[in-house]
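Here's the structure, in structure tokens; my notes come after.
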Amino acid sequence: MDRKSWVFFFTLIIIPCISILYKLNIANLSLLPVSVEDTYNIQISIVPKENVAFSEINFPFPKQNSQVKILKYDIQTSGMDFELKKKNIGHLAHWEGDEWQGPIGYYAKLQLFPYDNESPKSDTNQVVSPKRRVYIELKSFSNTEIQAGKKILESVHPYDKDKVNASRQIFYYIAEEVANTAKEMRLEESILLNSGSSFNKALLFSLLCRLRDIPVRTVLGFDLKRASEKSKENKFKFTYWNEIFLDGKWHFVSTYRNRFLTKEKDFLPIWKSLEDHRNLGQESPIFKYTAYITNANVNRYNFKEYSEEVTSKNNFLQYYSLYSLPTPLQNLFRIIILIPIGALVLSIARNLLGIPTFGIFTPILLSMFFYETNLIFGISFFLFMIALGFFERYALDRFYLLAVPRLSILLTITVLTLIIFSILNESFGLLGSLSVTLFPIVITTIFVERFSIMIIEEGILNTFITLGGTLFIALISYMLFFFGSLQILFFTHPELLLIIVAFQILIGQYKGYRLTELFRFREIFR
């Protein structure tokens, strides 16, 4: 290429790069819409047990941490005064009012991340940092509980210098020797009866580890795998587990579920360190709560939140972003925006590889036909119409028809065939649900006409080679349409299409041999 072409090529590449850097660093936009994998909707409704003249309620809400990312939330106050107390171990909602009318509560959309499952290395360091000393203090336990805990340690004897082994001994004692029960009781009673709820067993594990100078805390939250057994709805009640600090990280422990230092992704922590706030985990005499949690994985990316992020920026981006368009247009452009990428694949296949195709854009239109219907249906219907059109062409040749009437007859046959295919599929469910549009009718009719003409002009062998090349490029383009991250990247940053133009210029000025020509003329090269 000459200097002018190279300058134009690099200009088309630099412009999108500058635009994306502006969005990220100046407009403070995200590169892509936030992923909504492992995303949940949580709704907590709190109602009074009886009519009360004055109410003061405390209830824990999730705090953003290494396991939880809060995408958005909303508070329902029902006319009561509200205050959100933010602490490092959780958020405490506080309602206060003279009259309590209607439910109060909390709604949030949040993303859940798993606990780290890396096995901690041997931890023989006996020194606890000042930041962690709060998690070995015993001031939240009574003297009776401490004395009972010391007696248990004498029998379990977890005095291994390695804190990992010592905590494992304590875990096995509680998991195997203390029976699970749903009955609510005080910790002293639980120790005496050798049985306890998840709340009591988590507190006992915390007590014994702290007596051994191992940093630990009791966590209040939801086990997303265990909904209420009394209801088929997505109702949940609080459950309890522990986080133990070993080898510089917090690890998951559940003596109630018999899990020690495992990777867990279905536990939603609400309040970390329940030792000083035991009343948060106990049933209130004033109110009752119901928690509804549902999975929000409708699609991989959350377009709505990103659209709100774009429109909230006070700059020109909100006017030219595709996210400012109505939702039906957005869905249309998510497909259309990948057509230039399919055209780039076609240019590489034809100009560099030398793969023959029917027409210039027929493979791309064919891939859209497959995308909008069904791949198996699309290929089956397409090949059937080629065979039918092949015989129909020779049948109509006997009538010596003009081009337009002949093409109209072929169009009618295509419509009838599509109707028959759809009825059979609906009756027998052969290919799943179909979304039939105008693409099958238009593309197939034109393609069959060109196919039959090429057989007459160039023979059956060359025609089927071209047919194979067309299907090959169409399948590659079809796979690109289902490459979600690529689709969202170009939809979010449509200026990247200038890079496609740059590479088309590069390919357009290529004057060398095609790959198929190296095989075709190999005897001459020898």
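Annotation note: of Ile420, Ile335, Ile341, Ile364, the sole residue that is among the aliphatic types (A, V, I, L, M) and more than 30 Å from the chain's Cα centre (by Cα) is Ile420. In the range 1-16, the residues that are open to solvent by 80 Å² or more (accessible area, probe 1.4 Å) form Cβ pairs under 7 Å with partners that are in a helix (DSSP H, G or I) and not aliphatic (A, V, I, L, M), at six or more places apart or across chains, as follows: Ile15/Glu495. Return the pairs, sorted by first residue and then second, in which the second residue is open to solvent by 30 Å² or more (accessible area, probe 1.4 Å), the first residue lies in the range 250-263 and is basic (Lys, Arg), the beta carbons are less than 6 Å apart, and the residues are 6+ apart or on different chains. Between residues of the range 250-263 that are basic (Lys, Arg) and residues that are open to solvent by 30 Å² or more (accessible area, probe 1.4 Å), the close pairs are Lys263/Pro114; Lys263/Asn117.
Look at (1) open to solvent by less than 20 Å² (accessible area, probe 1.4 Å); (2) within 29 Å of the chain's Cα centre (by Cα); (3) of a type in the set (D, E, K, R) and you find that Lys235 fails only one, number (1).
If you check Ala175, Ala179, Ala148, which single one turns out to be of a type in the set (Gly, Ala, Ser), more than 41 Å from the chain's Cα centre (by Cα) and open to solvent by less than 80 Å² (accessible area, probe 1.4 Å)? After ruling out the rest, the residue left standing is Ala148. A Cβ distance below 9 Å, combined with a sequence gap of six or more or placement on separate chains, defines the contacts here; from the range 381-410, residues that are of a type in the set (Ser, Thr, Tyr) reach residues that are assigned to a helix (DSSP H, G or I) in the pairs Tyr394/Ser452. For Lys183, the requirement of being out of contact with any helix residue (DSSP H, G or I) (no Cβ under 6 Å at 6 or more places or on another chain) and not in a helix (DSSP H, G or I) is met.
Are there any strands (runs of 3 or more DSSP E) wholly within the range 206-302 with 2 or more residues that are among the aromatic types (Phe, Trp, Tyr) and at pLDDT 85 or above, and if so which? The strands (runs of 3 or more DSSP E) meeting that bar are 239-246, 249-254, 267-272, 287-295.
Entry remark, the range 238-259: residues being open to solvent by 30 Å² or more (accessible area, probe 1.4 Å) and under 19 Å from Glu177 (Cβ atoms) number 4 in total. Might you let me know whether the range 61-72 holds any residue that is out of contact with any Ser or Thr (no Cβ under 7 Å at 6 or more places or on another chain), in contact (Cβ under 8 Å) with a residue 24 or more places away in the chain, among the small types (Gly, Ala, Ser) and open to solvent by less than 80 Å² (accessible area, probe 1.4 Å)? Within the range 61-72, none of the residues are out of contact with any Ser or Thr (no Cβ under 7 Å at 6 or more places or on another chain), in contact (Cβ under 8 Å) with a residue 24 or more places away in the chain, among the small types (Gly, Ala, Ser) and open to solvent by less than 80 Å² (accessible area, probe 1.4 Å).
Within the range 381-410, the set of residues being in contact with a helix residue (DSSP H, G or I) (Cβ under 8 Å, 6 or more places away or on another chain), open to solvent by 50 Å² or more (accessible area, probe 1.4 Å) and under 26 Å from Phe482 (Cβ atoms) comprises just one member, Phe384. Among the numbered conditions (1) surrounded by 15 or more Cβ atoms within 10 Å (Cβ to Cβ); (2) among the hydrophobic types (A, V, I, L, M, F, W, C); (3) at pLDDT 80 or above; (4) under 22 Å from Ile476 (Cβ atoms), the only one that Ile413 does not meet is (4). Number of residues in the range 115-145 that are at pLDDT 85 or above, part of a loop (DSSP other than H, G, I, E, B) and open to solvent by less than 80 Å² (accessible area, probe 1.4 Å) equals 6.
Looking for something open to solvent by less than 70 Å² (accessible area, probe 1.4 Å) and assigned to a strand (DSSP E or B) - is there at least one such residue anywhere in the range 26-38? Yes, the range 26-38 has at least one match. Out of curiosity, is Ser307 in a helix (DSSP H, G or I), within 21 Å of the chain's Cα centre (by Cα) and either closer than 21 Å to Leu71 by Cα or modelled with pLDDT of 85 or more (or both)? In short, yes.
The values are calculated or read from the model by the stated rules, or taken from the named source; none is laboratory data. The shown structure was predicted, so the numbers you read here are calculated from the model rather than taken from an experiment. For neighbour counting, all protein chains shown are included, and Cβ atoms are generated from backbone atoms with ideal geometry for every residue, glycine included. Please note that ligands, DNA and RNA were not included when accessible areas were found on the heavy atoms of the full protein model with its side chains. Shrake-Rupley method; radii C 1.70, N 1.55, O 1.52, S 1.80 Å.
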